[in-house]
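K.L.:
This is the structure, below, for whatever I ask next.
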């Protein structure tokens with residue numbers, strides 16, 4: 001069975017298992033009180049004959065210095081942006097481009113997840129591409145998928161994309 005190692009947020013459909021004890025102790029997220037990731041948590045899932053191991057790494061300032069350690073050696077990077085936090089998009093752009101300055105990540109596929117599309121207002125896919133300067137990322141193939149992790153909107157597209165990456 002091919003294996004795929006990803007870094008980013010675990011998929012909403014990934015089971016809470018003993019491999020992911022931190023997630024099991026978190027309160028369930030809601031649109032008004034999202035559950036922030038504390039440090040890093042891991043989840044494993046299998047789909048379409050592919051074994052996936054996903055790391056959920058906190059986006060808070062104190063955890064950003066650890067991103068490079070988790071992303072090196074991964075098959076894909078999932079970068080989750082809070083699409084409803086319009087005032088944080090500039091910071092998300094800065095941190096994404098800082099992460100991708102690491103030459104070890106050159107050519108690693110990047111999946112940008114625009115989360116919380118169930119909330120209004122939220123940034124559109126086209127605006128997010130522009131605001132994150134994704135057109136300037138030429139070393140990493142990238143894709144944006146708008147999602148709602150809470151409502152599992154478009155999570156099937158995320159899983160399909162991840163599964164396709166295992167055949168690269």
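Each value in this text was obtained by applying a stated rule to the coordinates, not by laboratory testing. Values in this document were obtained by computation on a predicted structure and should not be read as measured data. Please note: Cβ atoms are built from the backbone with ideal geometry, for glycine as well, and neighbour counts cover all protein chains shown.
K.L.:
Placing one identical point scatterer on every Cα of region 107-168 and ignoring solvent, what is log10 I(q)/I(0) from the Debye formula at q = 0.16, 0.20, 0.25 Å⁻¹?
P.N.:
Treating every Cα as an identical point scatterer, log10 I(q)/I(0) equals -0.56, -0.83, -1.10.
K.L.:
Also, quick follow-up: When the chain is fully extended, how far beyond the present Cα-Cα distance does residue 140 get from residue 152, taking 0.36 nm per residue of separation?
P.N.:
1.7 nm
K.L.:
Just grab the label-to-label distance for residue 107 and residue 131, each label 7 Å out from Cα along the Cβ direction, in nm (one decimal).
P.N.:
Output for this residue pair reads 3.3 nm.
K.L.:
Sorted by packing (mean other beta-carbon atoms within 10 Å per residue), highest first, where do 121-127, 98-104 land?
P.N.:
121-127, 98-104
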